[in-house]
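Take a look at the structure below.
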């Protein structure tokens with residue numbers, strides 16, 4: 001009986017689980033999961049495995065009360081944290097940039113009214129597809145970056161201003177071998193080619209195949225650093241690939257490329273009414 005009374009008294013003092021506690025658990029699990037997914041394709045993944053080995057070693061030292069080693073670990077810990085931040089500075093910067101690109105409020109607030117410029121016409125779509133198919137046939141390497149919500153101004157500055165209507169012949173002439181503009185990327189905003197010979201950031205994704213060259217790595221890097229849609233034509237194989245949100249889709253034919261561009265075009269059309277009403281609300285203010 002005493003055991004039952006003790007159990008009842010203990011149960012009465014058990015902490016109650018609130019809704020906020022459950023919410024906290026889900027938030028922490030969500031964050032940990034996404035950090036691990038993000039880290040898997042970066043240098044942080046290898047570092048995490050090394051950290052786990054070190055933590056196991058420290059745990060063993062603590063179990064056997066190795067005071068000298070534990071004293072050294074305690075002194076080195078703060079320096080190690082700073083060293084990790086310095087070593088992983090590019091990955092951390094990329095993660096923060098990616099977080100900043102998430103459009104949590106942009107659809108409602110329409111912070112960038114110039115986003116409507118990003119929509120391209122059916123004519124531009126067909127001209128891009130035609131140019132890519134023609135370059136694919138003769139294995140002419142190409143790198144075409146289609147701007148969306150994230151401005152590509154910093155990459156435009158690395159190239160040469162073109163400011164011309166998008167046509168298949170213009171794109172083919174730009175990427176033709178031994179021409180002054182064939183090296184680097186072309187940036188497309190709406191229905192115009194804004195710049196050529198632009199330099200793009202190279203992806204450091206460790207999951208990219210060794211058979212892919214600098215052009216593909218630059219295309220994936222641009223899609224990781226921005227929300228741009230990148231089309232790559234391989235000079236070695238003539239295959240057409242697209243990079244979007246850090247993912248690469250390879251060996252597209254003309255129909256599949258047109259389909260991908262159509263999805264991109266429809267996305268702009270869906271966002272247009274929201275931006276319109278947001279602009280109206282802004283005017284009323």
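The values are calculated or read from the model by the stated rules, or taken from the named source; none is laboratory data. The structure presented is a predicted model; accordingly, all values stated were derived computationally and were not measured. Glycine also receives a Cβ, built like all others from the backbone with ideal geometry; neighbour counts cover every protein chain displayed.
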Notebook entry, point to check: Given the conditions (1) modelled with pLDDT under 65; (2) touching a strand residue (DSSP E or B) at 6+ places or on another chain (Cβ under 9 Å); (3) crowded, with 17+ Cβ neighbours inside 10 Å, and given that residue 120 satisfies all but one, which numbered condition is not satisfied?
Noted result: (1)
Check: How about the stretch 195-214: which of its residues are buried (at least 21 other Cβ atoms within 10 Å of the Cβ) and over 16 Å from residue 153 (Cα atoms)?
Finding: 203
Checklist line | Qualifying strands (runs of 3 or more DSSP E) (wholly inside the stretch 135-204; at least 2 residues being in contact with a helix residue (DSSP H, G or I) (Cβ under 7 Å, 6 or more places away or on another chain)) | finding: 142-146, 185-189, 192-198
Check: What residue, of 56, 51, is at pLDDT 85 or above, under 30 Å from residue 72 (Cα atoms) and out of contact with any strand residue (DSSP E or B) (no Cβ under 7 Å at 6 or more places or on another chain)?
Finding: 56
Checklist line | Filter result (surrounded by fewer than 19 Cβ atoms within 10 Å (Cβ to Cβ) and touching a strand residue (DSSP E or B) at 6+ places or on another chain (Cβ under 8 Å)) within the stretch 163-179 | finding: 163, 164, 165, 170
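Here is a check on your reading of the model: is residue 223 over 21 Å from residue 133 (Cα atoms), touching a strand residue (DSSP E or B) at 6+ places or on another chain (Cβ under 6 Å) and modelled with pLDDT of 85 or more?
Working: over 21 Å from residue 133 (Cα atoms): yes; touching a strand residue (DSSP E or B) at 6+ places or on another chain (Cβ under 6 Å): yes; modelled with pLDDT of 85 or more: yes.
Yes, satisfied.
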Notebook entry, point to check: So residue 230 fits all but one of (1) at pLDDT 90 or above; (2) under 20 Å from residue 264 (Cβ atoms); (3) surrounded by fewer than 17 Cβ atoms within 10 Å (Cβ to Cβ); what number is the exception?
Noted result: (3)
Notebook entry, point to check: Does residue 222 meet the test of being in a helix (DSSP H, G or I) and either crowded, with 19+ Cβ neighbours inside 10 Å or without any contact (Cβ under 8 Å) to a residue 60 or more places away in the chain (or both)?
Noted result: yes
